[in-house]
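The values are calculated or read from the model by the stated rules, or taken from the named source; none is laboratory data. What you see is a predicted model; the values in this text were computed from it and never measured. When we count neighbours, we look across all protein chains shown, and the Cβ atoms used for this are built from the backbone with ideal geometry, even at glycine.
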Amino acid sequence: MKDKDAFVVTIDGPGGSGKGSLALNVARELGFHLLDSGAIYRLLALKALQQGGDLGDEKQVAGLIDEFNIRFEAGDELSVPYLDEVDVSAELRLEATGDAASRVARHPLVRERLLSLQRSFFKPPGLVADGRDMGTVVFPKAKFKFFLYASVEIRAQRRYKQLINMGLSANIAHLQADIAERDERDQNRSASPLKPAEDALVVDSSLLDLAQVTNLVLSHIRERQSLQPV
Ligand code: C5P
C-alpha cells in the first residue's frame, strides 16, 4: 500500500466492551500501528497522582502535559508503557488508575492539549485508534469507524472472570456499580462525551466472542478496501 493510501480505523466504546483486544487484533491483521488512547489518559493520571496533584484542577493537570514523557515499546503480547522512562505496565491497569484517568479526562483543556500527541500516532501504513472519542473528535475523517457496545451486566461478568482467573477476589455487584458509574462519567461530561460517531458502525458484542467481533470488523473493512490478509 502506498503512503498516501494510509487510513485510520477508529474503535470507540465503553470500558470493558472488549475494544482493546479487538483493536489489537485488527491492527495486527492489517499490519497497522495502534493507539490505545485510554493508556495516554491513564499515564497522565499516574503522573498527576505521583506528583500528589489535585485531579480536579484542570490547569494543573493540563500543565503536566508540557513535560509529559511517555513512550510505548513493542512487547511480546502488549506494548510496554513507559512514564519518565519507567515501565509502569502494572500500575497502569489498576482499577484505581482507570478511575483517576476518567477524572483527568473530564477536563476540556486536557483533552485539547492531548490531541496532537494522539494524532501523531497516525503513520503509514495506517492506524487503529481505540478510545471513547476517536471517531467523533480525534480522527473525525477516519475511513472506518466502529462503536463497540456491550451491556453493563455482560461487561461486569467478563471483568469478574478476568479477575478470578488472575487469582483475585471479585464481587459482581460492586463491579457492575463501578462500570455503571464510569459510564455515567464518560457519557455525561461536556467535553467529548462517549457516544458513537454518526457514521460509525455500532456492534453489539454482548453475545459475540472476540474472534467473531474481529471477523465482523475485518470483513467490513476488507469488503470495502479489497485488502488482502497480511
Ligand atoms: O479505555 P480505558 O479504560 O483505558 O480508559 C480510561 C479512562 O480514560 C476512561 O474511563 C475514560 O474516562 C478516559 N478516556 C477518554 N477518552 C479516550 C480514552 C479514554 O476519556 N479516548
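Okay, residues lined up against (1) in contact (Cβ under 8 Å) with a residue 40 or more places away in the chain; (2) in a loop (DSSP other than H, G, I, E, B):
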| position | (1), (2) |
| --- | --- |
| L175 | no, no |
| D178 | yes, no |
| D183 | yes, no |
| D199 | yes, yes |
| V202 | yes, no |
| S206 | yes, yes |
| A211 | no, no |
| V217 | yes, no |
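Do we find that E77 is under 20 Å from the mean Cα position of the chain (by Cα), acidic (D, E) and surrounded by 17 or more Cβ atoms within 10 Å (Cβ to Cβ) in this structure? Reasoning before the result, please.
Working: under 20 Å from the mean Cα position of the chain (by Cα): yes; acidic (D, E): yes; surrounded by 17 or more Cβ atoms within 10 Å (Cβ to Cβ): no.
Considered against the rule, which asks whether it is under 20 Å from the mean Cα position of the chain (by Cα), acidic (D, E) and surrounded by 17 or more Cβ atoms within 10 Å (Cβ to Cβ), E77 comes out as no.
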Search result, residues across the range 19-43 that are away from the ligand (no atom under 11 Å from the Cβ) and either charged (D, E, K, R) or not in a helix (DSSP H, G or I) (or both): R28, E29, G31, F32, H33, L34
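Please go through the range 86-103 and pick out each residue that is within 12 Å of the ligand (Cβ to nearest atom) and either among the charged types (D, E, K, R) or under 30 Å from I221 (Cα atoms) (or both).
Looking only at the range 86-103, we keep the residues that are within 12 Å of the ligand (Cβ to nearest atom), and these are 92-103.
Of everything in the range 86-103, those that are within 12 Å of the ligand (Cβ to nearest atom) and either among the charged types (D, E, K, R) or under 30 Å from I221 (Cα atoms) (or both) turn out to be R93, E95, D99, R103.
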Unmet criterion (only one of (1) modelled with pLDDT under 85; (2) closer than 21 Å to L210 by Cα; (3) within 10 Å of the ligand (Cβ to nearest atom); (4) not aliphatic (A, V, I, L, M)) for Q162: (3)
Scanning the range 134-173 for residues that are farther than 24 Å from V26 by Cβ and of a type in the set (G, A, S), the one surrounded by the most Cβ atoms within 10 Å (Cβ to Cβ) turns out to be A156
Quick one: would you say S190 is in a loop (DSSP other than H, G, I, E, B), polar (S, T, N, Q) and out of contact with any strand residue (DSSP E or B) (no Cβ under 9 Å at 6 or more places or on another chain)? yes
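Given the residues Q187, Q176, Q162, which is the only one that is in contact with a Pro (Cβ under 6 Å, 6 or more places away or on another chain), of a type outside the set (A, V, I, L, M, F, W, C) and under 23 Å from A100 (Cβ atoms)?
On the way: Q176 fails: in contact with a Pro (Cβ under 6 Å, 6 or more places away or on another chain); Q162 fails: in contact with a Pro (Cβ under 6 Å, 6 or more places away or on another chain).
Checking each option against the conditions leaves just Q187.
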Residue list for the range 104-116, filter: surrounded by fewer than 18 Cβ atoms within 10 Å (Cβ to Cβ) and either in a loop (DSSP other than H, G, I, E, B) or within 12 Å of the ligand (Cβ to nearest atom) (or both): P108, L115
Would the range 122-129 turn up any residue that is within 25 Å of S219 (Cβ to Cβ), within 14 Å of the chain's Cα centre (by Cα) and within 11 Å of the ligand (Cβ to nearest atom)? yes
Could you go through the range 45-63 and let me know if any residue there is touching a helix residue (DSSP H, G or I) at 6+ places or on another chain (Cβ under 9 Å), outside any loop (DSSP other than H, G, I, E, B) and under 18 Å from L194 (Cβ atoms). yes
